[in-house]
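Below: one structure, written as structure tokens.
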Amino acid sequence: MSASKQTILSVEHLKKYFQTASGQLHAVDDVNFTLAKGETLGVVGESGCGKSTLGRTILRLHEPTDGKVIFDGKDVTACSKQEMKKLREDMQIIFQDPFASINPRMTVSQTIAEPLLIQGRYKPGDKEALNRHVRQVMDRVGLAQRLVNAYPHELDGGRRQRIGIGRALALEPKFIVCDEPVSALDVSIQAQILNLMQDIQEEMGLTYLFITHDLSVVKHLSNQIMVMYLGQVVEICDAKQLFRAPVHPYTKALLSAIPIPDPRVKMNKIPLKDELSSPINPKPGCRFAKRCPYATPECTAGDIPLCEVEPGHSVACIKAAQFKDAMA
Amino acid sequence: MSDILKIEDLVIQYDTDSGCVHALNGLSLTLREGETLGLVGETGAGKTTLARSIMGLIQCPPGKIVSGKILYRGEDLLTMKEKHRQSIRGKEISMIFQDPMTSLNPVTTVGDQIAEAVMAHEKIGKKQAWEKALEMLETVGISRERASDYPHQFSGGMKQRVIIAIALVLNPKILLADEPTTALDVTIQVQVLDTIQALRKKLDMSMILITHDLGIVAQTCEQVAIIYGGEVVEYADVFTIFENRMHPYTQGLFNSIPKLNEDVNRLVPIEGLMPDPTNLPTGCKFCTRCQHATDRCREEHPEMIDVGNGHLVRCFRAENTNAGGEQK
């Protein structure tokens with residue numbers, strides 16, 4: 001990321017542990033990154049790697065265990081409740097499941113109006129101005145005006161997700177955490193929603209943290225991509241670079257596992273043994289070592305820091321330099 | 001290759017409070033011996049209804065098989081005696097369901113669940129059935145020591161392997177796989193698909209693979225049927241579908257997905273929504289979303305047109321393109 005771009009979000013040593021019956025679950029473990037205004041950071045990883053927890057912890061929907069989140073110059077983690085409420089005008093979230101994240105007893109207009117009323121943008125008496133604002137938002141996200149009084153159950157998944165996007169946009173935020181916003185949708189609808197999100201980003205200069213497990217979606221939308229494995233970042237770099245020359249063995253295996261939509265191209269799969277190990281009381285060292293085809297005893301001897309292998313491309317692997325050279 | 005399964009003009013409807021749902025509308029399809037047929041379509045296209053009707057799992061009421069035939073080796077499954085059909089279900093034709101989390105019995109060990117399938121169809125003792133279950137577990141890559149474990153002790157990928165073991169323990173001739181990896185992460189998806197493919201070859205099975213992932217289709221299927229509004233709109237071998245698709249819906253579907261091997265700035269979605277299955281258009285089912293639709297498309301229902309080499313297209317526009325065969 002070049003220095004000329006304005007940093008809007010910086011996350012420093014962010015940790016979120018959950019106390020469970022069988023020990024401490026390290027959902028997010030020492031994550032660091034910065035995000036420039038108007039850009040999109042894609043966060044990828046498999047179920048249970050902590051990507052959703054990361055998004056929620058940044059917004060303080062989960063209280064962080066340790067670390068800092070600096071948004072627009074303010075330390076989010078140190079904000080009081082009052083300050084936090086004010087800050088939420090600028091930081092919003094779009095949830096994964098459009099069926100579960102919208103109140104079934106509220107109409108489309110009530111759902112979109114709610115954040116505006118909570119933040120006191122309109123006085124309760126000022127119905128006309130409020131309705132005008134809601135209608136504008138509905139227009140913006142492609143919801144027909146006739147649906148103003150419709151309830152969520154009357155609408156399909158794509159339209160419901162448009163309500164979720166409208167609700168997040170109503171306050172004109174600067175930053176939105178998008179937590180798998182299209183994974184519950186059919187492909188033809190998914191493309192409509194992705195295009196909508198791209199359009200509003202350009203129009204409003206939004207910054208996205210885009211969480212997904214779908215690598216083709218993330219490549220399509222992101223400037224930078226961060227790959228997570230069991231709560232830690234294993235690789236972060238420019239989106240195109242990641243697909244061109246991944247360095248971390250996990251990233252390589254992940255990319256090799258995506259079925260290529262071309263029957264003439266045979267996939268060069270890198271098989272992985274077993275499945276994710278448990279994030280509860282993790283052992284020191286590389287968390288991927290157990291499944292890694294290149295693992296040696298040194299990999300589990302101590303914690304592996306994220307190191308830069310080239311400008312803007314960091315990898316958490318002790319053999320990163322070696323892998324990088326092998327590709328050159 | 002001879003036809004092992006032939007579906008002719010299948011019409012299935014569901015009676016619901018909000019009207020009659022037209023799930024399948026004269027669907028015809030052929031599966032040849034040893035072949036993998038990919039069934040692609042979006043939510044509500046009728047994919048799962050089709051699979052369930054082949055298995056004889058359509059609940060009547062509300063379901064109703066209005067007309068049509070499902071011929072397995074020339075015998076109509078729909079008219080045969082229930083007892084005869086039961087001997088085919090699970091033994092000759094078997095199914096893997098979409099959600100591994102809910103398709104296993106939580107209070108029975110996985111070994112017993114596999115053995116149960118054996119004992120339902122073969123006259124063998126409990127001990128032999130258990131032995132067979134252990135062998136099958138190993139075949140799908142689970143160690144036999146785990147046979148006495150319960151489903152909750154397995155991860156999602158392992159559960160799906162158990163389901164595959166149950167489906168394949170009797171060496172069926174046809175396997176229906178309904179989105180077998182949709183609930184799994186990509187690295188696990190590769191393992192599960194490889195297991196299915198290896199067993200399919202080893203046991204010389206034919207397979208119908210239901211999916212919406214065009215990558216999986218490209219990598220595993222030989223023939224592809226695209227389904228929309230309860231009928232097949234395009235049918236061809238996998239290379240033709242990927243390189244020379246003709247139906248506007250198929251084309252739209254391909255344009256909607258972000259591709260890893262191409263850089264596109266903007267996706268081209270299919271405008272509009274899936275038609276309401278209680279109120280389908282009279283003419284072509286896709287006419288409401290098709291940019292080429294004419295008055296004829298809205299009034300007249302197009303038949304399948306053979307454009308040569310077994311490539312079938314349900315679109316009037318195909319009439320002018322190199323009529324390789326007579327209209328079906």
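Evaluate segment A:157-167: report whether one residue or more is surrounded by fewer than 19 Cβ atoms within 10 Å (Cβ to Cβ) and of a type outside the set (S, T, N, Q).
Checked segment A:157-167: no residue is surrounded by fewer than 19 Cβ atoms within 10 Å (Cβ to Cβ) and of a type outside the set (S, T, N, Q).
Inspect all residues belonging to segment A:204-216 and state whether any of them is touching a Cys at 6+ places or on another chain (Cβ under 8 Å) and under 30 Å from B:Ser143 (Cα atoms).
no
Right, B:Val233: buried (at least 23 other Cβ atoms within 10 Å of the Cβ), under 23 Å from A:Leu185 (Cβ atoms) and touching a His at 6+ places or on another chain (Cβ under 8 Å) or not?
Yes, satisfied.
Only one of (1) buried (at least 16 other Cβ atoms within 10 Å of the Cβ); (2) within 14 Å of chain B (Cβ to nearest Cβ) is not met by A:Val148, so which one is it?
(2)
Taking B:Asn265 as meeting all but one of (1) touching a helix residue (DSSP H, G or I) at 6+ places or on another chain (Cβ under 8 Å); (2) under 27 Å from A:His220 (Cα atoms); (3) surrounded by fewer than 14 Cβ atoms within 10 Å (Cβ to Cβ), write down the number of the exception.
The number of the failed condition is (1).
Given the conditions (1) more than 8 Å from every other protein chain (Cβ to nearest Cβ); (2) modelled with pLDDT of 95 or more, which single one is not true for B:Thr211?
Result: B:Thr211 fails condition (2) only.
Out of curiosity, is B:Val224 in contact (Cβ under 8 Å) with a residue 12 or more places away in the chain, crowded, with 23+ Cβ neighbours inside 10 Å and within 16 Å of B:Leu312 (Cα to Cα)?
Criteria met by B:Val224.
Only strands (runs of 3 or more DSSP E) wholly contained in segment A:1-57 count here; list those with 1 or more residues that are over 15 Å from the mean Cα position of the chain (by Cα) and surrounded by fewer than 19 Cβ atoms within 10 Å (Cβ to Cβ).
Of the strands (runs of 3 or more DSSP E) lying wholly inside segment A:1-57, those with at least 1 residues that are over 15 Å from the mean Cα position of the chain (by Cα) and surrounded by fewer than 19 Cβ atoms within 10 Å (Cβ to Cβ) span A:7-20, A:23-36.
Taking B:Leu260 as meeting all but one of (1) in contact with a Lys or Arg (Cβ under 9 Å, 6 or more places away or on another chain); (2) modelled with pLDDT of 90 or more, write down the number of the exception.
Just one mismatch for B:Leu260, condition (2).
Within segment A:264-276, identify whether any single residue is modelled with pLDDT of 90 or more and touching a helix residue (DSSP H, G or I) at 6+ places or on another chain (Cβ under 8 Å), and answer yes or no.
Yes - at least one qualifying residue is present in segment A:264-276.
Looking only at segment B:154-171, decide whether some residue is within 30 Å of B:His292 (Cα to Cα), in contact with an Asp or Glu (Cβ under 6 Å, 6 or more places away or on another chain) and crowded, with 22+ Cβ neighbours inside 10 Å.
No, every residue in segment B:154-171 fails to be within 30 Å of B:His292 (Cα to Cα), in contact with an Asp or Glu (Cβ under 6 Å, 6 or more places away or on another chain) and crowded, with 22+ Cβ neighbours inside 10 Å.
For B:Lys47, only one of the following conditions fails: (1) within 19 Å of B:Met274 (Cβ to Cβ); (2) surrounded by fewer than 20 Cβ atoms within 10 Å (Cβ to Cβ); (3) not polar (S, T, N, Q). What is its number?
(2)
Taking helices (runs of 4 or more DSSP H) that do not extend beyond segment B:217-326, which have at least 1 residues that are within 14 Å of chain A (Cβ to nearest Cβ)?
So the answer is B:238-243, B:248-256.
Of everything in segment A:230-250 that's without any contact (Cβ under 8 Å) to a residue 60 or more places away in the chain and within 21 Å of A:Ala289 (Cβ to Cβ), which residue is nearest to the other protein chains (Cβ to nearest Cβ)?
Checked segment A:230-250; the qualifying residue nearest to the other protein chains (Cβ to nearest Cβ) is A:Tyr250.
In segment A:251-261, what residues are hydrophobic (A, V, I, L, M, F, W, C) and more than 7 Å from chain B (Cβ to nearest Cβ)?
Matches in segment A:251-261: A:Leu255 only.
Being more than 9 Å from chain A (Cβ to nearest Cβ) and either assigned to a helix (DSSP H, G or I) or modelled with pLDDT of 90 or more (or both) is the filter here, so list the residues in segment B:178-203 that pass it.
Listed by number, the residues that qualify are B:Asp178, B:Val192, B:Thr195, B:Ile196, B:Gln197, B:Ala198, B:Leu199, B:Arg200, B:Lys201, B:Lys202, B:Leu203.
Collect the residues in segment B:272-283 that are modelled with pLDDT of 85 or more and either out of contact with any strand residue (DSSP E or B) (no Cβ under 6 Å at 6 or more places or on another chain) or among the small types (Gly, Ala, Ser) (or both), keeping them in residue-number order.
Selection gives B:Asn279, B:Pro281, B:Thr282, B:Gly283.
Tally time: how many residues in segment A:9-27 are of a type in the set (Val, Ile, Thr) and at pLDDT 95 or above?
Matching residues across segment A:9-27 total 1.
Please return the ranges of helices (runs of 4 or more DSSP H) entirely within segment A:64-181 where 1 or more residues are within 22 Å of B:Gly272 (Cβ to Cβ).
Once the helices (runs of 4 or more DSSP H) in segment A:64-181 are filtered for at least 1 residues that are within 22 Å of B:Gly272 (Cβ to Cβ), what remains is A:108-118, A:127-140, A:157-169.
Working only within segment A:198-215, note down all residues that are surrounded by fewer than 21 Cβ atoms within 10 Å (Cβ to Cβ) and part of a helix (DSSP H, G or I).
Selection gives A:Gln198, A:Asp199, A:Ile200, A:Gln201, A:Glu202, A:Glu203, A:Met204.
Can you tell me how many residues within segment B:86-142 are closer than 11 Å to B:Val162 by Cα, of a type in the set (S, T, N, Q) and modelled with pLDDT of 90 or more?
2
Residue by residue, here is whether (1) within 24 Å of B:Asn261 (Cβ to Cβ); (2) within 13 Å of chain B (Cβ to nearest Cβ) holds:
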residue	(1), (2)
A:Gln224	yes, no
A:Val227	yes, yes
A:Pro263	yes, yes
A:Pro271	yes, yes
A:Arg291	no, yes
A:Ala295	no, no
A:Cys299	no, no
A:Cys307	no, no
A:Gly312	yes, no
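The values are calculated or read from the model by the stated rules, or taken from the named source; none is laboratory data. On a predicted model such as this, the values are computed, not experimentally measured, just so you know. Cβ atoms come from the backbone with ideal geometry, glycine included; neighbour counts cover every protein chain shown.
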